[in-house]
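Below is one structure, written out as structure tokens, with a few remarks after it.
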Number of protein chains: 2
Amino acid sequence: MKFTRLYNLLCLSAALVSGSLWAENLLGPQTAPSRPKNIVIMVGDGMGPAYTSAYRYYQDNPSTQEIEQTVFDRLLVGNASTYPAPVSGYVTDSAAAATALATGVKTYNGAVSVDTNKRPVPTLLELAKKRGMSTGVTVTSQINHATPAAFLSHNESRRNYEALAESYLNTEADVMLGGGQRYFSDKLIEQFEAKGYQVIKDAALLDGVTQPKVMGLFADVQLPWAIDEPEARRLSTMTAKALDLLSQNDQGFVLLVEGSLIDWAGHNNDIATAMAEMHEFAGAIEVVEQYVRQHQDTLLVVTADHNTGGLSIGTHGDYRWDSQVLRQVNASPARIASQALSEDEWQSGVSGALGFTPSGEEFSALDSARMQGEKVLTSQLKKLIDQRSNTGWTTGGHTGVDVQVFAAGPASSLFAGHQDNTDIAHKLISLLPKPAKAKPANAKPANAKPVSAKPVSAKPASVLPAEPETIESPKTEAPETAPLEAEEKAETTAQDIAAMNTSAQADVEAQAAELSEKMQSTASEPDAEEAFRQASDLLSEGAESQSAAPVSEVDNQD
Amino acid sequence: MKFTRLYNLLCLSAALVSGSLWAENLLGPQTAPSRPKNIVIMVGDGMGPAYTSAYRYYQDNPSTQEIEQTVFDRLLVGNASTYPAPVSGYVTDSAAAATALATGVKTYNGAVSVDTNKRPVPTLLELAKKRGMSTGVTVTSQINHATPAAFLSHNESRRNYEALAESYLNTEADVMLGGGQRYFSDKLIEQFEAKGYQVIKDAALLDGVTQPKVMGLFADVQLPWAIDEPEARRLSTMTAKALDLLSQNDQGFVLLVEGSLIDWAGHNNDIATAMAEMHEFAGAIEVVEQYVRQHQDTLLVVTADHNTGGLSIGTHGDYRWDSQVLRQVNASPARIASQALSEDEWQSGVSGALGFTPSGEEFSALDSARMQGEKVLTSQLKKLIDQRSNTGWTTGGHTGVDVQVFAAGPASSLFAGHQDNTDIAHKLISLLPKPAKAKPANAKPANAKPVSAKPVSAKPASVLPAEPETIESPKTEAPETAPLEAEEKAETTAQDIAAMNTSAQADVEAQAAELSEKMQSTASEPDAEEAFRQASDLLSEGAESQSAAPVSEVDNQD
């Protein structure tokens, strides 16, 4: 309804007019500019409100009476709804949510920055690049996973990992750090190198990198669980390096940081691993928080894409959550199980890794599970930790609860109160500098392989819906994800952006024009499929069609 | 740790210094005073973040593309942590949470505005009354249930319903509306009438009430489920009347409004009933929101005391939540079951009440449950609604996730961002007018029965812990609730209040003095029990000792 949209805009205008910004007050005197030069958006994948609350109690120092605040408590400014386009109901997957955060457009579950008609929509990082800014992503999943992909590229399906990896050739992103060696062949890496990228596969080499462009692929797929390598602080390290490299551009930068594996642990209903991933993400936020304190021209916005697992702090009628149990677990259940299967005298190793000695009954259940193999033993270990800590779960998938929004730096007050996840993108995009006229910011090097503009796919059926495949979760029917009409939505979005606020008016108008121009630019070949004729007309760059990548055992996080 | 406390105070100071208030901007021009004359605090009992998100989708108009905003979306400003005193772990019950909201003091689960040493601590409503303001409570539970009791009175245990009812004689509260006839004997009602109260038991008579004081007891215990009487809008009606009556005091008022039965439905894991209670509560908020628009000297703060049931929007790996199912249910499962047991041809009645016709398999399960009686049939109906809507739960009790905070009106920006539930009380108390010197605001009428000041109880073991007794939830061990040292906490609180902000400095100092005075006032008889010597010294009014009330079947909501 129009009223609600108008109300949103009223709120936004009021906040913009208001010169006194809440979150800015927290980080320094009023010398910060009202508009940021740099933007860091951080996404805790799957990090619903129960995760940040649980993390506070996980971090609580039991030797003090006080319950210590976390970085989330310091920075909280609002909440955000996460529902996808109507065709996918009220519960989003990571791809649709990341598309919303990166572009401001609601789409179907599984979509990577394409709308419900599978037309690509411009992303925050693409627009930033066009304005002469540097861009980067640092994540703990493979760098071509749903969230970073939606900030960098376009595809009808998040499952098309190879196509997404190849499409990154055309992003001109300055820093891409995470996992994903599997998806980047030697030949593809050569192409990246030909474009000027330094490609490294050993995290120890990161220290020696002194300038962009750099692509770091530090694992076959995702990075190791933080709980198994707590000293590595990989996300913090990668984020600090990204800030260092991106800062070299006087025209500013936009950086996406994702705590990707919070979601993966949530899908697995693995609370000890999830809390360690929260700690990893919190550490990275603190790195950026410190950067923002020292660079008052930098805006930090942190949110989640959705809630995973239906995590519950306390369950089964018992008013208890024993975070002490979780603090003592010093390896992932998967690793504990793997180790236990390699030893005859496995009990002491399990006790050591769990941080407590299971009872006779508990050991008996573990023994029985061990005889059924690693997966069953892993499940039983998680169940034991859940029982000891009194942790509850409702699903191996996602839930529709609103997520939280955290912010610091210039214009951070824009993110106060309730908003939709698309509003976050609209606000961030409105804060980008004005487009430079007639500046070929993305001119391709001569030796770059041209990417032909094709429709995203000729196989509508290959759009894979959100379907978690976790160890314990029951398999369920996939929700419908057939493309539906969303033009109305897209139009509303453009109107909203244009009306957003007076101080950003000129910028926003230019942006709306750019968006419109992009939507109408045509460089496509004709396509036989009726359903994709319009989409093919509108596709302008970098979203090459490929058949769906094989669904691997690690490809189960939505 | 001191840092976190200091940080809180810094935030608060920054917000107070900042003249431009976010939420104020939404409700009118900057003509509103910076300090409210009237305060309305509204508590959605058990209303964790999943409830407000779910309510949005429950309210969504399926005939529009847009998802309509709710009153919660309009008013959201922050979040709050809810953990009780360390002795009760991280998961609070309603009594400890209401004590935190009413007094700013963390206590053990089960405590009604007494600290962990069972010493009474002054409440927002008591302090307001002393400043010459009017006070009131309107709730959908019995008026002597945990939440309203913690705002009005003191007791070592929420279960002491008769003692709490009798203690209300000394509250001087101007408006008390809700249920609870069972706890107010004819003799006790006579005493209230002797104190000048108009006591009514028929909601239809409320319309004729034109001035305080009034006590309305409209049900034996709690009011009927909203889903069974959707046109009644009882909480809205009671709240509008309370505002009308309390407004008669030129010195302002403080009103507590509680959507009590959201929690009760949550304990029962009854999503259809819970959503109807959310609608009832949202309606009452809208009544106050409208009042705040028309009376810019009124502050509205809405929050929850905790989360109940571990509600999940989507479950079992299925990315779906079908709110349409819930909108069509037009009676509580308890009422549907009761009706079905009274009829031979029960199937059509059940279909009509559910709003859909169960499948053959579903009818078969209902038939089997029906043969086992009303409770089992009620459970089966809830299970069916959960399956159809894909709703998940983890507990018949509470969980420890942070709750949301909503606000409008003068000083509403104080409640932005993250805070603890005790901070909400500190902020509200700091906004009360300065104490009038030597003004006997609470002089008792000559015919009032004097209440002797006794220690709260001589039986420490009678402090009942939080222990939900819902139909399906497994019984579990009660958490420890023995009193522990909390002086340190109480001292910190007094210091915090004193340091809170410069504009409220004088007021706060007077208040700290008053609190200190109250703590040290002695009118007690000697007590034999060593553990209660200190507490007996400090008890000053109105918390008479009684043995625990019998735990009835309706006394199961924590």
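What percentage of the solvent-accessible surface of the stretch B:56-197, computed with a 1.4 Å probe over protein heavy atoms, is contributed by carbon and sulfur atoms?
Roughly 44 percent of what the probe reaches on the stretch B:56-197 is carbon or sulfur.
Where only protein heavy atoms count, and the probe is 1.4 Å, what is the accessible area per residue for the stretch B:327-389 in Å²?
Averaged over the residues of the stretch B:327-389, the accessible area is 49 Å².
Between copies, how far does the label point of A:Met371 sit from its twins, in nm, shortest first, when each point is 7 Å from Cα along Cα→Cβ?
3.8
Name the residues of the stretch B:391-408, by number, that are at least 20 Å² less accessible with every protein chain in place than in the isolated chain; the surface is that of heavy atoms, probe 1.4 Å, without ligands or nucleic acids.
The answer is B:Thr394, B:Thr395, B:His398, B:Thr399, B:Gly400, B:Val401, B:Asp402, B:Gln404.
Amide H neighbours of A:Thr140 under 5 Å, at least 5 residues apart or on other chains, H built in the peptide plane: list them.
A:Glu258, A:Ser260, A:Leu261
With the solvent-accessible surface defined on protein heavy atoms using a 1.4 Å probe, which residues belonging to the stretch A:310-350 display a reduction of at least 50 Å² in accessible area in the multichain context relative to the isolated chain?
Residues losing area: A:Ile313, A:His316, A:Gly317, A:Tyr319.
Kindly write out, for the stretch B:389-404 in residue order, the coupling ³J(HN,Hα) from the Karplus curve 6.51 cos²θ - 1.76 cosθ + 1.60 (θ = phi - 60°), rounded to whole Hz, with x marking Gly and Pro.
8, 6, 9, x, 9, 10, 7, x, x, 9, 10, x, 5, 4, 9, 9
Listed here are the pairs B:Lys129/B:Lys201; A:Lys201/A:Lys382; B:Lys129/B:Lys241; B:Lys106/B:Lys129; which of them are more than 27 Å apart at the Cα?
A:Lys201/A:Lys382
Using a simple spin-label model with points 7 Å from Cα along the Cα→Cβ vector, what separation in nm is obtained for B:Thr64 and A:Thr210?
Using points 7 Å along Cα→Cβ, the separation is 5.9 nm.
So how exposed is B:Phe363, as accessible area in Å² (1.4 Å probe, rounded to 10)?
40 Å²
State the answer as a single residue: which of B:Gln372, B:Val329, B:Gln339 lies farthest towards the positive end of the charge dipole of the stretch B:327-389, with beta carbon charges of +1 for Lys and Arg and -1 for Asp and Glu, about the Cα centre.
Farthest towards the positive pole: B:Val329.
Which percent of Cα pairs goes in each bin when the distances of the stretch A:232-370 are cut into 5 angstrom slices starting at zero?
It works out to 2, 8, 14, 16, 15, 13, 10, 8, 6, 4, 3, 1, 0, in whole percents.
Taking a point 7 Å out from Cα toward Cβ as the label site, list the nm distances between A:Thr210 and the same residue in every other copy, smallest first.
Reported distances to equivalent positions: 8.9 nm.
Under a 5 Å amide H to amide H cut-off, with H placed in plane at 1.01 Å, what residues pair with A:Asn160 once short-range neighbours are removed?
It is A:Ala549, by chain and number.
Taking A:Gln294 in one copy and the same position in all the others, each labelled 7 Å out along Cα→Cβ, what are the pairwise distances from the first, in nm, shortest first?
5.7
How high is the relative contact order of the stretch A:327-389, in percent, with contacts defined as C-alpha pairs under 8 Å that are six or more residues apart?
RCO, the stretch A:327-389: 38 percent.
Using a basic spin-label model with each label point 7 Å from the Cα along Cα→Cβ, how many nm lie between A:Gln347 and B:Asp297?
That separation, rounded to one decimal, is 7.4 nm.
How many nm is it between the label spots at A:Val199 and A:Ala232, if each spot is 7 Å from the Cα in line with the beta carbon?
A separation of 2.1 nm, rounded to one decimal place.
Chains B and A: buried accessible surface, both sides, probe 1.4 Å, rounded to 100 Å²?
6800 Å²
Around B:Val214, which amide H atoms from residues at least 5 apart in sequence, or from another chain, sit under 5 Å from its own amide H, with H modelled in the peptide plane?
Sorted by chain and number, the residues that satisfy this are B:Val175, B:Met176, B:Gln198.
Using a 1.4 angstrom probe on heavy atoms only, work out the carbon and sulfur share of the accessible area of the stretch B:327-389 in %.
Roughly 45 percent, rounded to a whole number.
In the P(r) worked out for the stretch A:327-389, what percent of Cα pairs fall beyond 14 Å?
Within the stretch A:327-389, distances greater than 14 Å cover 47 percent of Cα pairs.
The values are calculated or read from the model by the stated rules, or taken from the named source; none is laboratory data. Computed from a predicted model, the values in this text were never measured in an experiment. Using ideal geometry, Cβ is built from the backbone for each residue, glycine included, and neighbour counts are taken over all protein chains shown. Please note that ligands, DNA and RNA were not included when accessible areas were found on the heavy atoms of the full protein model with its side chains. Shrake-Rupley method; radii C 1.70, N 1.55, O 1.52, S 1.80 Å.
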